[in-house]
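See structure below.
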Amino acid sequence: MFSHLFLNIDAGTIDWSRAQFALTAIYHWLFVPLTLGLAVIMGIVETKYYKTKLALNKGQVDVAADVGFWRDAAKFWQKLFGVNFAMGVATGIILEFEFGTNWSNYSWFVGDIFGAPLAIEGIVAFFMESTFVAVMYFGWKKVSPGFHLASTWLTGLGATISAWWILVANAWMQYPVGCEFNPDTMRNEMVSFFEVALSPFAISKFCHTVTSAWIIGAVFCVGVCCWYLLKKRETKLAIESLKIGAAVGLVASLLAAATGHKSGMDVAEVQPMKLAAMEALYNGGVDQGLTAVALVNPFAQPDYANGESAPLKIEMPYALSMMATNDPHGFVPGVNDILNGYTTPDGHVEPSADEKIAMGKKAIVALAAYRKAKKDGDEKTAATELVTLKENMKYFGYGYIRDKSELVPFIPINFWAFRIMVGMGCLFILFFAVILAVAYQFPKGLLGKYDITALPAWHYWLAIALIPLAYIASESGWLVAEFGRQPWTIQDMLPTWAAVSDLHSSSVMITFFLFLILFTTMLAVEINILLKQIKKGPEYEN
């Protein structure tokens, strides 16, 4: 399909289009997780306000001071949420436009499927967010406390639903289901909306991504509170919000670990090459250990063909088999197994890359022959070629692969990004657990000498320093998800060079640098506004 166009696009156009989309996605993801995380924090804080107000209305006069405190605390966190929310919307709109400008062949090929979740996200979730965010900010004295609380939670829910549909679209690119190729329209068309919307890969991706976003919101909350404790101001706000942030963070970190395990199983099943790249696993087999660390050169693709493990490799026995298959003795293929073909212990035979490429080329030839026969009115030949096309359609995308080495993603990025993500996740579990132990003085007596309001300054600075590290961990997760999928735009269906628009590379290069300037400016503006609002602190009402 369109092979004369796909294979003659300037290589620079492909590289610059990928770079531009990566730039936009990375900047967008700086704003989104904080939005999702702060939505939970501000929702819990306002719930505390609502409960104390109910208690006051029932005659518990001793909570009168707490009512005002929780109201002002809720407004403070909502203000920080609002600044970040606006920036996320702006970058997200640009990101969606790039599908049409830079990836028009992709949009044409799968627009019937990919466009549906994006349309629902725009129509349902975005309007839900915009409606209730207005009530949240301007309805404090205009609606009842219960309705206002509902609006606050619904604002966060709307943002989460937006994330759901975006992640459904991304998950479909990783695991295309619920669709069928129509040779007459030259498009993949949706045959089951529910398969697309509720695929196991989409559910796992959503749960893992959202819980990781809660971690960023929690780290941000704890960092802000520690800054106040460092400056010895807003002490009550800092202590109470810190407890909430640390509790949310600990729960989210544990959930992220659990959902990460499920995501690992999904990747092992439908994207085995990604898992092999994450582990620098060149030759697989049963009883595979999970690599803790190895000397993988971060700047060069290793010589995986020789089959030797990365030097200085330290692994946890059986852990990779357990992560991938839920069986410590499970079979996990390596890079060379996937390229050369393999047979699993239960007898499943996976074709080699060369065989898949041959079947992909056969599908492309059959498609061209089918369309010619249809044009000529030769229904018998068309029917024969259609059978051949359907038999080989599973590997259609491989027909555009020029060399099987293209099927191996850049291993160092996947290997090290995965370890940064997992390592930081373990650190956050420990961090939030210690914060809660010190804040609540538990176990009793063991931490009696530690006062959360009077720790040495470096403790507070450490908490603040974890904010950028949380973002690095989150972005590392996305690097694994996207770099590990290469060379595919859609897994096994459409390589990147067959998805890009037929543009001149100079045009994409110019917009890349324009977006770089624009997004960097937006990020600087947001950080500046957030710092000013944090320095200003909550506005207290009488």
| message | Against the conditions (1) of a type outside the set (A, V, I, L, M); (2) at pLDDT below 90; (3) touching a Lys or Arg at 6+ places or on another chain (Cβ under 9 Å), where does Glu189 fall short? Just the number, please. | response | (3)
| message | Kindly evaluate Ile464 against the criterion of being under 23 Å from Val251 (Cα atoms), in contact (Cβ under 8 Å) with a residue 24 or more places away in the chain and among the β-branched types (Val, Ile, Thr). | response | yes
| Is there a residue being closer than 20 Å to Thr185 by Cβ and among the basic types (Lys, Arg) anywhere in the range 364-372? | yes
| remark: Residue count, the range 66-87, condition surrounded by 22 or more Cβ atoms within 10 Å (Cβ to Cβ) and touching a Pro at 6+ places or on another chain (Cβ under 7 Å), comes to 2
| query | Are any residues in the range 333-374 open to solvent by less than 30 Å² (accessible area, probe 1.4 Å) and within 18 Å of Pro487 (Cα to Cα), and if so, which ones? | reply | Gly334, Val335, Asn336, Ile338, Leu339, Ser352, Ala353, Lys356, Ile357, Gly360
| Where a residue in the range 254-268 is within 24 Å of Val177 (Cβ to Cβ) and free of Cβ contacts under 8 Å to residues at least 60 places away in the same chain and its partner, wherever it lies, is open to solvent by less than 60 Å² (accessible area, probe 1.4 Å) and assigned to a helix (DSSP H, G or I), with Cβ under 6 Å and at least six apart | Thr259/Cys207; Thr259/His208; Thr259/Thr211; Lys262/Ser204; Ser263/Ser204; Ser263/His208
| query | On the given criteria, is Pro298 closer than 29 Å to Ser199 by Cβ, touching a residue at least 24 places away in the same chain (Cβ under 8 Å) and open to solvent by 40 Å² or more (accessible area, probe 1.4 Å)? | reply | no
| Does the range 483-502 hold any residues that are buried (at least 18 other Cβ atoms within 10 Å of the Cβ), over 19 Å from the mean Cα position of the chain (by Cα) and assigned to a loop (DSSP other than H, G, I, E, B), and which are they? | Asp492, Met493, Ala499, Val500, Ser501
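From the list Trp164, Trp140, which one is modelled with pLDDT of 85 or more and under 17 Å from Trp77 (Cβ atoms)?
Values: Trp164 fails: under 17 Å from Trp77 (Cβ atoms).
One residue alone meets the criteria, Trp140.
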| request: Scan the range 63-99 for residues that are over 29 Å from the mean Cα position of the chain (by Cα) and at pLDDT below 80 and jot them down. | output: Val63, Ala64, Ala65
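Determine whether Ala171 is closer than 28 Å to Gln441 by Cβ, of a type in the set (A, V, I, L, M), out of contact with any strand residue (DSSP E or B) (no Cβ under 9 Å at 6 or more places or on another chain) and at pLDDT below 95. Explain how you work it out, then say what you get.
Details: closer than 28 Å to Gln441 by Cβ: no; of a type in the set (A, V, I, L, M): yes; out of contact with any strand residue (DSSP E or B) (no Cβ under 9 Å at 6 or more places or on another chain): yes; at pLDDT below 95: yes.
No: the conditions fail for Ala171.
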| query | With respect to the numbered conditions (1) within 29 Å of Cys179 (Cα to Cα); (2) outside any helix (DSSP H, G or I); (3) not basic (Lys, Arg), which one is the sole condition not fulfilled by Glu98? | reply | (2)
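The values are calculated or read from the model by the stated rules, or taken from the named source; none is laboratory data. Remember, it's a predicted structure, so these values are computed and weren't measured experimentally. Note: ideal-geometry Cβ built from the backbone for every residue, glycine included; neighbour counts use all protein chains shown. Remember, those area values only see protein heavy atoms, side chains included, never the ligands or the DNA or RNA. Shrake-Rupley method; radii C 1.70, N 1.55, O 1.52, S 1.80 Å.
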